[in-house]
Number of protein chains: 2
Amino acid sequence: MNHCALCRPEKETVLWQDGRCRVILLNDPDYPGFCRVVWREHVKEMTDLSETERAHLMSVVFVVERVIRELLRPDKINLASLGNQVPHLHWHVIPRFTGDAHFPDPVWAARNRETTREGNQAEVPLERMKQRLYDALK
Amino acid sequence: MNHCALCRPEKETVLWQDGRCRVILLNDPDYPGFCRVVWREHVKEMTDLSETERAHLMSVVFVVERVIRELLRPDKINLASLGNQVPHLHWHVIPRFTGDAHFPDPVWAARNRETTREGNQAEVPLERMKQRLYDALK
């Protein structure tokens, strides 16, 4: 039996999906707008995909980056595919702001400050994000 | 005057380059084989590149991933484009091993253990990496 949390997701906020991958919005109080692009199949590394699959996944990642930039105007975008704990291909697309909890360090580093962004998830224009993704990826 | 450290590099070990980007090998005692793919021009985000430029840069990143996997057999590959401190496009391609300093956490998290990998940079087959990159990217 497969116990991978990304193969058997629970309570995800899915912004967009097709047969190969899905875009989800995390509920991270420090990082409103933090999205993940998750490959549907349980594949470990980008170079385990075919060239066509890789291009598809990256095109979705970059559309997510573009939509986040348009709607949230972050100071920087962070992209990462790590998967040490969950070796199932997924990309983090993280809008970073100079006043966020870890800036200018990565979100996985020690926290640099407390933030008062709690509850700001409401600032994320969920329906507009979904619409922009749908328009860009149809 | 441009003070960007990636525009005016010093003492880099360049494994491969063309007119658009270069692959460098870091000298990180914790992470032998840790490479960066650096875009030549001072560009901040992936979505500031054209689609063709983006595809070129990612194709180089994935060739680096493939060569690292072939030659070093890591347990996992980590890919990241962050640039909060140096907003000049560069990709980290990091071979991860279950016994490395931070596994299973990201390399930017708190260290999980001391390692005795110091000096293991000598284990990285520099000339074979260069040759494989050259063959794959010519």
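The values are calculated or read from the model by the stated rules, or taken from the named source; none is laboratory data. As the structure is a prediction and not an experimental result, all values here were calculated from the model. Here the Cβ positions follow ideal geometry from the backbone for every residue, glycine too, while neighbour counts run over all protein chains shown. Surface areas here come from the heavy atoms of the whole protein model, side chains and all, with no ligands, DNA or RNA. Shrake-Rupley method; radii C 1.70, N 1.55, O 1.52, S 1.80 Å.
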*Run the 1.4 Å probe and let me know the accessible area of A:Y134, rounded to the nearest 10 Å².*
130
_Cα point-scatterer Debye curve for the protein assembly as shown, base-10 log of I(q)/I(0) at q = 0.07, 0.11, 0.12 Å⁻¹_ = -0.25, -0.64, -0.77
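Can you give the accessible area buried between chains B and A, summed over both chains, with a 1.4 Å probe, in Å² to the nearest 100? Mind showing how you got there, number by number?
On the way: alone 8160 and 8160 Å², together 13410 Å².
Accessible area lost upon association: around 2900 Å².
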*How crowded by other chains is B:40-52, given as the mean number of beta carbons from other chains within 10 Å of each beta carbon?*
3
*At A:R128, with labels set 7 Å past Cα in the Cβ direction, how many nm apart are the copies from this one, shortest first?*
5.3
*Relative to the other copies, what are the label-point distances for B:A109, with labels 7 Å from Cα along the C-beta vector, expressed in nm at one decimal and sorted shortest first?*
1.6
_With Cα atoms, 0 to 90° folded angle of helix B:126-137 axis to chain B main axis_ = 40
*In whole Å, largest first, what are the principal axis extents of the Cα atoms in the stretch B:1-85?*
39, 29, 24
*How about the stretch B:61-78: which of its residues lose at least 10 Å² of accessible area in the presence of all protein chains relative to their chain isolated, using a 1.4 Å probe?*
B:F62, B:E65, B:R66, B:R69, B:D75, B:K76, B:I77, B:N78
*Set the Förster radius R0 to 22 Å, insert the Cβ-Cβ distance between A:D30 and A:R73 as r into 1/(1 + (r/R0)^6), and round the FRET efficiency to 0.05.*
0.80
*On average, how much accessible surface per residue is there in chain A, in Å², for a 1.4 Å probe, leaving out ligands, DNA and RNA?*
49
*Label 7 Å beyond Cα on the Cβ vector: B:D30 copy-to-copy distances, nm*: 1.7
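For the stretch A:14-138, what class follows from the C-alpha gyration tensor (a ≥ b ≥ c being the square roots of its eigenvalues): rounded when a/c is under 1.5, otherwise prolate if a/b is larger than b/c, else oblate? Provide the component values of the computation, followed by the final result.
Working: a/c = 2.14, a/b = 1.37, b/c = 1.57.
Taking the square roots of the gyration eigenvalues as a ≥ b ≥ c, the stretch A:14-138 is oblate.
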*Which longest run of chain A has no exposed loop site in it, a site being GluC sites (Glu not before Pro) in a DSSP loop with at most 16 other beta carbons within 10 Å, and the site itself not part of the run?*
A:42-113
_Let me cross-check A:K44: its accessible surface, 1.4 Å probe, with only protein heavy atoms counted, in Å² to the nearest 10?_
80
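Under a Cβ-Cβ cut-off of 15 Å, what is the net charge of the residues other than B:L133 that fall near it, where Lys and Arg count +1 and Asp and Glu count -1? Please report the intermediate quantities before stating the final value.
Details: positive: B:R20, B:R22, B:R36, B:R66, B:R69, B:R128, B:K130, B:R132, B:K138; negative: B:E12, B:D18, B:E65, B:E70, B:E127, B:D135.
Taking every other residue near B:L133 into account, the sum is +3.
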_A:I68 accessible area, 1.4 Å probe, all protein chains in place, Å² to nearest 10_ = 0
*Averaged over B:79-88, how many beta carbons belonging to a partner chain fall within 10 Å of each residue's beta carbon?*
6
*Once the convex hull of the C-alpha atoms of the stretch A:58-103 is built, how many Å³ does it hold per residue, rounded to a whole number?*
76
_With n ≥ 4 as the cut-off for DSSP H runs, can you work out [θ] at 222 nm for the protein assembly as shown, using -39500 (n - 2.57) per run divided by the number of residues, rounded to the nearest 500?_
-8500 deg cm²/dmol
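At 1.4 Å probe size, with the rest of the protein present, what percent of the exposed accessible area of the stretch B:1-111 is carbon and sulfur atoms? If you can, show how the numbers build up before the last one.
Details: 2160 of 4690 Å².
About 46 percent, which is the carbon plus sulfur part of the accessible surface.
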